[in-house]
Structures are given as C-alpha cells and as structure tokens.
Amino acid sequence: MAILIVEDNPVNAQLLALILKANRYQTLLAQNGLEALACLQGQEPIDLIITDFSMPDMNGLELLAKIKEMPAFENIPVLITSAHSDLETVTNAKGIGCAGFLSKPVDKKLLLKKVSQLVNDEPRVLCSKQSVMSKLGISNEDYDSLAGTLGAQLAATIPIVVLEQGDPNEPISANLAYRLKELGESAAILGADKFGRVYERIRMIPVLTRAHCPILQHTLQELESALSAFPKPSPPPDVKN
C-alpha cells in the first residue's frame, strides 16, 4: 500500500511522510502535478494521493481533474491540503471528486483519521467461497472446478513473471500480456479483488514494462496462497460390496 504525497514545499512533504511512515504507511513523493502523474504510471500501485492545493504549473484541483479523467486511476481517493480552505475552494474540490480537504498546518490526528478511513478499505485477496457461489449461482463442485482452473492459470503465469524480471524499461512479452489478461478476467469471476485492482490499474498503461513484474509476482503469489488455503474436495468414498 503506497500513499503518494504531492507537495512542492520539501518541509511540508517531509513532515507528511514522517507522520505516515511512523504509522506504517509506505509513501512516495512528487514535487508537482507532472511528477505525480508520472508516479501513477510507475511500478508501485498507489492507494491514496495527498496533494497540496497551491503548486506551480498545475494546482491540486487541476491534478485531481486529470486523475479523474484517467480510467486506470479515477478511483484512487485524493485528499487536498491547503492554507486557504475557503468554502468555494472546498466546494469545487468536492464537486470533481475530492475525498477530503485538510487545512494547513495539517493536524496529525485528523490526517491519520482521514487516511485510515480511505485506505483501510483494502481489497480482499480472495472473496469467500460461499459469497462467490451465491453471486454466481453455482454449486460447490462448480466452484471447485473454477478455482482449479484459476490455480492452473496462476501456476503457468507466475514462473513467466519471475523469468521476465530484468531491464525495467523493456516491455513484457506478448505471452505474459495475454496470460495477465486471462487472469484478470478469471479474477473478476472468482472475486480476486486485490489482483483485479492491480491489473485494472496497470492494463491502462500504454507500454507495460518489466518494472511491473515484482508487484505482479507478489500479488499473484498472494492469490495462489489464498486459493490453496481452501479445503480441497474430498474424493468419493470407495464402494465395497
């Protein structure tokens, strides 16, 4: 889980990072809107953006508007910080999808409360078997069959992801891109929400590179582990005459 801090004042940026890191949040820093947009295209999935309102070239509202126009990132919550939290600014921010507005100097308790509310909605690695069966209207045996197919897809894809880690600027192979697309569809069916979120974000990147392989490997192995934790169906009992 990473929180992107967009702040042109290095003191403010460092203070926010210190507060968040002390509470076990991972942070990334961008000095302006353009750097923030570049970070979104990077290999680290972003779960929350905290941006200053007053920045040169692109202010916080303009950055927010651009993010909301990007299908891969439009659902990332954005908090805006500003020394000028007048009603008109706050109203405009909320009107284009701002998740919250914090006045400067930022209150530590209020910041952590708001961050906790926004990022603790962690997507599930794998939804419960019962919930998927109910949603799809399938039997226990049908679920086991689908889960087995997903397991086979994971077993075939993870070694490729591992092998393709290398030059971060080199695109992934067409074979891996196809397998990830296949897994993305399977994840949506079986409620693998965490991989689904990662895939939805990276699939919109024009050129998917090997820099994304580490996060893909981690997420896929996490899903494989969750899938293997489900009890395996018992074999039918032997019939003796």
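Computed from the coordinates by the stated procedures, all read-outs in this text should not be read as laboratory data. This one's a predicted model, so the numbers in the text were calculated from it and none came from an experiment. Every residue, glycine among them, receives a Cβ derived from its backbone with ideal geometry; neighbour counts consider all protein chains shown.
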Check: How would you classify the range 24-73 from its alpha-carbon gyration tensor, with a ≥ b ≥ c the square roots of the eigenvalues: rounded for a/c under 1.5, else prolate if a/b is greater than b/c, otherwise oblate?
Finding: oblate
Check: Which angle between 0 and 90 degrees, to the nearest 10, do you get for helix 213-228 versus the longest principal axis of the chain when only C-alpha atoms count?
Finding: 50
Notebook entry, point to check: In debye, nearest 20: dipole of the range 2-119 around its Cα centre with unit charges on the Cβ of K, R (+) and D, E (-)?
Noted result: 580
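Give me the extension gain from GLN221 to LEU18: residue separation times 0.36 nm, minus the current Cα-Cα distance, reported in nm with one decimal.
Working: separation 203, 0.36 × 203 = 73.08 nm, distance 3.06 nm.
Using 0.36 nm per residue and subtracting the Cα-Cα distance, I get 70.0 nm.
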Item checked: Top of LYS109, LYS129, LYS68 by mean-square fluctuation, Gaussian network on the chain, Cα under 10 Å -> LYS109
Next item on the list: Would you mind checking the tilt of helix 108-119 against the longest principal axis of the Cα atoms of the chain, expressed as 0 to 90 degrees and rounded to 10?
Entry: 30
Notebook entry, point to check: Among LYS21/LYS66; LYS68/LYS104; LYS135/LYS194, which pairs are too far apart, with a Cα-Cα distance over 21 Å?
Noted result: LYS21/LYS66; LYS68/LYS104
Check: Compactness ratio of the chain: Cα Rg over 2.2 N^0.38 Å, N = residue count?
Finding: 1.20
Note to self: I'd like the Karplus ³J(HN,Hα) series for the range 30-41: coefficients 6.51, -1.76, 1.60, θ = phi - 60°, whole numbers in Hz, and an x wherever there's a Gly or Pro.
What the structure shows: 9, 8, 7, x, 5, 5, 5, 5, 5, 4, 4, 7
Checklist line | Other-chain or far-sequence residues with amide H under 5 Å of THR81's (modelled H) | finding: THR51, ASP52, PHE53, LEU102
Notebook entry, point to check: If we sort 44-52, 131-139 on the protection proxy, mean other Cβ atoms within 10 Å, highest first, what's the order?
Noted result: 44-52, 131-139
Item checked: Antiparallel bridge percentage (DSSP; both residues within the chain; nearest 5) -> 5
Margin query: How would the range 78-136 be classified by its alpha-carbon gyration tensor: rounded, prolate or oblate, with rounded meaning a/c under 1.5 and the a/b versus b/c comparison settling the rest?
Written below: oblate
Notebook entry, point to check: For the range 2-119, what relative contact order do you get, as a whole percent, if you take Cα pairs closer than 8 Å and at least 6 residues apart?
Noted result: 23
Margin query: Tell me the relative contact order for the chain as a rounded percent, counting alpha carbon contacts under 8 Å between residues six or more apart.
Written below: 17
Notebook entry, point to check: Taking Cα centroids, how far is the range 185-229 from the range 77-117 in Å?
Noted result: 31
Checklist line | HN-Hα J in Hz across the range 70-75 - Karplus 6.51, -1.76, 1.60, θ = phi - 60°, x for Gly and Pro | finding: 9, x, 6, 10, 5, 8
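I need the calculated FRET efficiency for the pair GLN26 and GLU141, taking r as the beta carbon distance and R₀ as 41 Å, to the nearest 0.05.
0.50
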Notebook entry, point to check: Considering amide H positions built from the backbone, and no H for Pro or chain starts, which residues 5 or more places from THR209, or on another chain, come under 5 Å of its amide H?
Noted result: ILE172
Margin query: Let me spell out the model: positive unit charges on the Cβ of Lys and Arg, negative unit charges on the Cβ of Asp and Glu, origin at the Cα centre of the range 129-228. What dipole size does that give, in debye rounded to 20?
Written below: 260
Checklist line | Linear extension gain, ASN9 paired with LEU112, 0.36 nm per residue minus alpha-carbon span | finding: 35.1 nm
Notebook entry, point to check: How big is the charge dipole of the chain about its Cα centre, in debye rounded to the nearest 20, if each Lys and Arg gets +1 on its Cβ and each Asp and Glu gets -1 on its Cβ?
Noted result: 620
Checklist line | Length gained when the stretch MET204-SER228 is fully extended (0.36 nm per residue, less Cα-Cα span) | finding: 5.7 nm
Margin query: From the C-alpha coordinates alone, can you work out the Kirkwood hydrodynamic radius of the range 1-142, in Å?
Written below: 16.2
Notebook entry, point to check: Cα to Cα, under 12 Å, and not fewer than 8 places away if on the same chain: which aspartates and glutamates meet these conditions relative to LYS129?
Noted result: GLU141, ASP142, ASP144
Next item on the list: Taking H placed 1.01 Å from N in the peptide plane, check which residues at least 5 places from LEU28 or on another chain put their amide H under 5 Å from its amide H.
Entry: ILE3, LEU4, ILE5
Item checked: All aspartates and glutamates inside 20 Å of LYS108 as judged from Cα atoms, apart from same-chain residues fewer than 8 positions distant -> GLU7, ASP8, ASP47, ASP52
Next item on the list: Using a/c under 1.5 as the rounded threshold, could you call the range 129-228 rounded, prolate or oblate? The axes a ≥ b ≥ c are square roots of the C-alpha gyration tensor eigenvalues, and prolate needs a/b larger than b/c, oblate otherwise.
Entry: prolate
